[in-house]
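Peer 1: The structure's right below; bear with me while I get my questions together.
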Amino acid sequence: MLDILILYYSRHGATRQLAQLIARGVESVPGCSARLRTVPAVSTVVEASAPSVPDAGAPYVELADLAQCAGLALGSPTRFGNMAAPLKYFLDTTSNDWLAGNLIGKPACVFTSTSSQHGGNESTLLSMMLPLLHHGMAIIGLPYSEPALSHTSGGGSPYGASHIAGADGRRPIDEHEKALAIAMGKRLAETALKLARPL
Ligand SMILES: Cc1cc2nc3c(=O)[nH]c(=O)nc-3n(C[C@H](O)[C@H](O)[C@H](O)COP(=O)(O)O)c2cc1C
């Protein structure tokens with residue numbers, strides 16, 4: 001079985017729902033299993049105050065999850081057009097994986113949830129690709145052969161799965177956003193399988 005790491009931060013749950021849909025897509029591919037992991041919130045006292053195991057939801061990621069994964073889906077809410085600090089904080093601890101080349105050649109994709117449609121949805125997706133490119137990962141997006149990409153009036157873009165949560169954060173994930181999140185998980189798993197096969 002190939003382990004596909006789905007690593008995300010979510011404060012209010014929208015990005016977590018996208019992560020679960022991507023996991024559904026991953027698990028639809030025989031030979032692949034989804035490993036959902038999150039990161040703790042950060043504050044100046046994070047090491048002193050955060051419990052080592054979250055009260056609910058996905059476990060906190062360990063560096064070994066990253067080193068051992070066959071593929072990675074990375075997700076964050078939009079924060080001022082960029083990924084949220086807790087996810088960036090974790091990525092900034094991955095220097096040894098970069099030095100060892102642990103992620104080189106592995107497939108990766110990105111996903112986000114944003115309040116407003118033009119409030120940084122796509123820039124967040126692009127910003128999350130940058131550290132993954134430094135790690136040498138092979139970034140995959142969503143092709144227009146996915147019908148929902150041409151029909152969505154909410155989230156979902158060639159750069160990755162996404163959701164528009166609305167000003168109050170309560171807009172549910174719609175059918176197109178859902179289809180694209182599942183399709184992205186499936187595509188990530190299928191790509192990991194192809195790349196894992198010996199030439
Ligand atoms: C500090 C902060 C900055 C934010 N910046 C943006 C932004 O630039 N554009 C936007 O549309 N939404 C922004 N939001 C809203 C979140 O991206 C949105 O509510 C998202 O759906 C939350 O995802 P979650 O439910 O996974 O936590 C921001 C929220 C916070 C707390």
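Nothing in this text is a laboratory measurement; each read-out follows from the coordinates by a stated rule. A quick note: this is a predicted structure, and the numbers were derived from the prediction, not measured. Every residue, glycine as well, gets a Cβ built from its backbone with ideal geometry; the counts of neighbours run over all protein chains shown.
Peer 1: Counting only pairs 8 or more places apart or on different chains, how many lysine pairs in the chain have C-alpha atoms closer than 24 Å?
Peer 2: Lysine pairs, 8 or more places apart or on different chains, close enough: 5.
Peer 1: Another one. Pull up all non-local amide H partners of L36: gap of 5 or more, or a different chain, and H-to-H distance under 5 Å with H placed in the peptide plane.
Peer 2: Residues meeting the amide H criterion: I6.
Peer 1: Could you state the number of Å between the C-alpha centres of the range 136-199 and the range 105-121?
Peer 2: Using only Cα atoms, the two centres lie 9 Å from each other.
Peer 1: Right, something else. Just A100, A23, A108 to compare: in a GNM of the chain, with alpha carbon springs under 10 Å, which one fluctuates most?
Peer 2: Evaluated over the chain, the most mobile residue of the options is A100.
Peer 1: Next question. Through the Karplus equation 6.51 cos²θ - 1.76 cosθ + 1.60, θ set to phi - 60°, convert the phi angles of the range 85-96 into ³J(HN,Hα) values in whole Hz; use x for Gly and Pro.
Peer 2: Along the range 85-96, the couplings run 4, x, 6, 5, 4, 5, 4, 6, 9, 9, 4, 5 Hz.
Peer 1: From the Cα gyration tensor of the range 1-120, with a ≥ b ≥ c the square roots of its eigenvalues, which class applies: rounded if a/c is under 1.5, or else prolate if a/b is larger than b/c, or else oblate?
Peer 2: Verdict is rounded for the range 1-120.
Peer 1: Hey, got the dipole for the chain? About the Cα centre, +1 on K and R Cβ, -1 on D and E Cβ, debye to the nearest 20?
Peer 2: So the dipole magnitude of the chain works out to roughly 200 debye.
Peer 1: When the helix-only estimate is applied to the chain (DSSP H runs of n ≥ 4, each -39,500 (n - 2.57), divided by the residue count), what is the mean residue ellipticity at 222 nm, nearest 500 deg cm²/dmol?
Peer 2: Rounded to the nearest 500, it is -11500 deg cm²/dmol.
Peer 1: Using Cα pairs closer than 8 Å and at least 6 residues apart in sequence, work out the relative contact order for the chain, in percent.
Peer 2: Computed over the chain, the figure is 27 percent.
Peer 1: Ranked highest first by the average count of other Cβ atoms within 10 Å around their residues, in what order do 80-93, 110-123 fall?
Peer 2: 110-123, 80-93
Peer 1: Rounded, prolate or oblate: pick one for the range 74-199, where a ≥ b ≥ c are the square roots of the eigenvalues of its C-alpha gyration tensor, a/c under 1.5 means rounded, and failing that, prolate if a/b is larger than b/c, else oblate.
Peer 2: Oblate, since a/c reaches 1.5 and b/c is not below a/b.
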